[in-house]
Structures are given as structure tokens and as C-alpha cells.
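Undergrad: Take a look at the following structure, please.
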Amino acid sequence: MKNIPRTYVLTLNSPTSKGVRLWMGDSIHALRHCSAKEIGQALREIQQNVDSLQNPVSLSGGSSYLNRNR
């Protein structure tokens with residue numbers, strides 16, 4: 001199964017709407033509001049993406065991206 005990247009937007013206490021709203025879609029132009037049933041799955045997907053970004057990356061084999069401009 002191919003993983004299709006999704007875009008998530010979390011809004012917190014906007015002037016017109018109090019509370020948290022979660023929007024998701026295949027692109028920024030295709031966002032739609034998550035239903036109550038979809039919020040749990042969307043939050044799990046977001047957490048998995050954050051966890052994968054926090055995994056340590058091996059820096060062996062050359063300079064890292066962060067050190068190129070130094």
C-alpha cells in the first residue's frame with residue numbers, strides 16, 4: 001500500500017470559533033474538517049509522523065545537511 005502524504009492544520013481558539021479544530025487533506029487546497037470519528041485516527045497519524053522525525057539519524061558517510069552552510 002502506497003503512503004500518500006497528507007496535510008494537517010490544527011486551529012486553536014480562533015476569534016470566530018472557540019476550541020480546537022482539525023483539518024486534513026491531500027494538499028493545502030483540499031483540506032476538509034475532520035469529523036469526530038476521524039480525529040482519533042488523524043491524531044495517531046500525526047503522532048507517528050512526529051515520532052519518525054525524532055528518531056536519531058546516522059551522520060556517517062559525509063557532512064550532514066545542517067553543516068553545509070557553516
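Undergrad: How about the range 10-22: which of its residues are out of contact with any helix residue (DSSP H, G or I) (no Cβ under 8 Å at 6 or more places or on another chain) and either surrounded by fewer than 13 Cβ atoms within 10 Å (Cβ to Cβ) or not charged (D, E, K, R) (or both)?
TA: In the first step, residues of the range 10-22 are kept if they are out of contact with any helix residue (DSSP H, G or I) (no Cβ under 8 Å at 6 or more places or on another chain); the result is 10-21.
Those that are out of contact with any helix residue (DSSP H, G or I) (no Cβ under 8 Å at 6 or more places or on another chain) and either surrounded by fewer than 13 Cβ atoms within 10 Å (Cβ to Cβ) or not charged (D, E, K, R) (or both): Leu10, Thr11, Leu12, Asn13, Ser14, Pro15, Thr16, Ser17, Lys18, Gly19, Val20.
Undergrad: Same structure again: Among the residues of the range 24-70 satisfying the criterion of being hydroxyl-bearing (Ser, Thr, Tyr) and assigned to a helix (DSSP H, G or I), which is modelled with the highest pLDDT?
TA: Step one: filter the range 24-70 for residues hydroxyl-bearing (Ser, Thr, Tyr), giving 27, 35, 52, 58, 60, 63-65.
Of the ones still in play, those that are also assigned to a helix (DSSP H, G or I) are 52, 65.
Values: Ser52: 86, Tyr65: 53.
Ranking the candidates gives Ser52 first.
Undergrad: Let me ask another. Please work out which residue is surrounded by the fewest Cβ atoms within 10 Å (Cβ to Cβ), limiting yourself to the range 23-51 and to residues that are aliphatic (A, V, I, L, M) and over 11 Å from the mean Cα position of the chain (by Cα). Give the derivation first.
TA: So in the range 23-51, the residues aliphatic (A, V, I, L, M) come out as 24, 28, 30-31, 36, 39, 42-43, 46, 50.
If we keep only those that are over 11 Å from the mean Cα position of the chain (by Cα) too, we end up with 28, 30-31, 36, 39.
Details: Ile28: 9, Ala30: 11, Leu31: 16, Ala36: 6, Ile39: 15.
It comes out as Ala36.
The values are calculated or read from the model by the stated rules, or taken from the named source; none is laboratory data. Just so we're clear, the structure is a prediction, and the values are computed from it rather than from any experiment. No Cβ is skipped: glycine too gets one built from the backbone with ideal geometry, and neighbour counts run over all protein chains shown.
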